[in-house]
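**Q** Here it is, the structure, as structure tokens.
The values are calculated or read from the model by the stated rules, or taken from the named source; none is laboratory data. Values in this document were obtained by computation on a predicted structure and should not be read as measured data. Positions of Cβ are generated from backbone atoms using ideal geometry, with glycine treated the same way; all protein chains shown enter the neighbour counts. Protein only, heavy atoms only, side chains kept; ligands, DNA and RNA dropped before computing areas. Shrake-Rupley method; radii C 1.70, N 1.55, O 1.52, S 1.80 Å.
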Amino acid sequence: MIEEIRLYMMERFYKLKEEGHKWDTQVCLTTIKKMEAFGESLKSWHVHPSGVTFVEVRNGFYSYGVDLQEYSCTCNLWPVSGIPCVHAQVAIIYTKQDHVSYISSWFDKGKYMLTYGSNILSVNGSNMWVESPYPKPLPPSERRIPGSPSIKRKRHVSEHEDKFSQESSKGRTVQCTN
């Protein structure tokens with residue numbers, strides 16, 4: 001099973017590394033997709049600037065403060081996820097800045113390539129392994145199952161049990177007449 005996991009991880013690292021080389025952006029594609037999912041309701045939010053980098057974003061009774069310099073929003077989604085929330089995206093669009101520069105550096109293509117850049121080394125087959133001088137390990141000893149022990153007698157394999165017959169107190173086998 002461990003060998004199958006190792007082979008799967010080798011193939012997965014290779015595929016993800018090749019996929020990363022094909023990107024034309026400096027940010028992971030899944031991050032951009034998450035930003036697009038966050039920004040589906042951008043039109044309903046209104047910006048009220050309070051300073052050069054601080055704005056208030058409102059939608060009806062909902063109001064959030066966004067600080068573009070500190071990369072923070074009062075909804076706390078942006079600092080936790082590293083991806084600008086819908087409030088931050090509205091503020092970024094209002095200030096006419098590039099939204100990619102506000103994504104955390106952990107989602108850069110360089111970090112992605114570092115993650116999948118290493119190789120998992122191949123291992124020789126079991127036919128090439130050196131024979132161990134130590135004895136093979138034994139299976140674990142049987143342990144007693146917790147709970148009270150069974151009261152019913154365990155029958156031997158040679159004893160067959162007929163579901164319609166039973167022994168009487170005199171030792172004779174009594175059969176059902178039906």
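**Q** Please determine whether any residue of the stretch 166-176 is modelled with pLDDT under 85, in contact with a Ser or Thr (Cβ under 7 Å, 6 or more places away or on another chain) and open to solvent by 100 Å² or more (accessible area, probe 1.4 Å).
**A** yes
**Q** So, in the stretch 45-62, how many residues would count as being within 35 Å of the chain's Cα centre (by Cα), of a type in the set (A, V, I, L, M, F, W, C) and assigned to a strand (DSSP E or B)?
**A** Here the count works out to 1.
**Q** Still on this model: Are there any pairs with C-beta distances below 7 angstrom linking a residue in the stretch 20-37 that is more than 13 Å from I103 (Cα to Cα) to a residue that is assigned to a helix (DSSP H, G or I), with the two at least 6 apart or on different chains, and if so which?
**A** Cβ pairs passing all conditions: G20/K109; G20/Y112; G20/M113; W23/L29; W23/K109.
**Q** While we're looking at this one, here's another question. For the stretch 38-62, name all the residues that are in contact (Cβ under 8 Å) with a residue 24 or more places away in the chain and over 17 Å from A91 (Cα atoms).
**A** Within the stretch 38-62, no residue meets the criteria.
**Q** Quick test for you: out of P137, P149, pick the one residue that is farther than 30 Å from I32 by Cα and modelled with pLDDT of 85 or more.
**A** P137
Yes/no per residue for (1) within 20 Å of G51 (Cβ to Cβ); (2) under 27 Å from the mean Cα position of the chain (by Cα); (3) free of Cβ contacts under 8 Å to residues at least 40 places away in the same chain; (4) not in a helix (DSSP H, G or I):
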| residue | (1), (2), (3), (4) |
| --- | --- |
| Y64 | yes, no, yes, yes |
| E70 | yes, no, yes, yes |
| C75 | yes, yes, yes, yes |
| V80 | no, yes, yes, no |
| I83 | no, yes, no, yes |
| I92 | yes, no, yes, no |
| Q97 | yes, no, yes, yes |
| V100 | no, yes, no, no |
| W106 | no, yes, yes, no |
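**Q** Next question, about the same structure. If E40 satisfies all but one of (1) open to solvent by 70 Å² or more (accessible area, probe 1.4 Å); (2) of a type outside the set (K, R); (3) at positive phi, what's the number of the condition it fails?
**A** The single condition E40 does not satisfy is (3).
**Q** Is it the case that the stretch 4-13 has a residue that's of a type in the set (V, I, T) and buried (at least 17 other Cβ atoms within 10 Å of the Cβ)?
**A** No.
**Q** Residues in the stretch 112-120: is at least one within 30 Å of M9 (Cα to Cα), part of a loop (DSSP other than H, G, I, E, B), in contact with a Ser or Thr (Cβ under 6 Å, 6 or more places away or on another chain) and open to solvent by less than 50 Å² (accessible area, probe 1.4 Å)?
**A** Initial filter on the stretch 112-120 (within 30 Å of M9 (Cα to Cα)): 112-120.
Subsequent filtering for residues that are part of a loop (DSSP other than H, G, I, E, B) retains 116-120.
Then drop every residue that is not in contact with a Ser or Thr (Cβ under 6 Å, 6 or more places away or on another chain), which leaves none.
Checked against the condition, which is being within 30 Å of M9 (Cα to Cα), part of a loop (DSSP other than H, G, I, E, B), in contact with a Ser or Thr (Cβ under 6 Å, 6 or more places away or on another chain) and open to solvent by less than 50 Å² (accessible area, probe 1.4 Å), the stretch 112-120 yields no hits at all.
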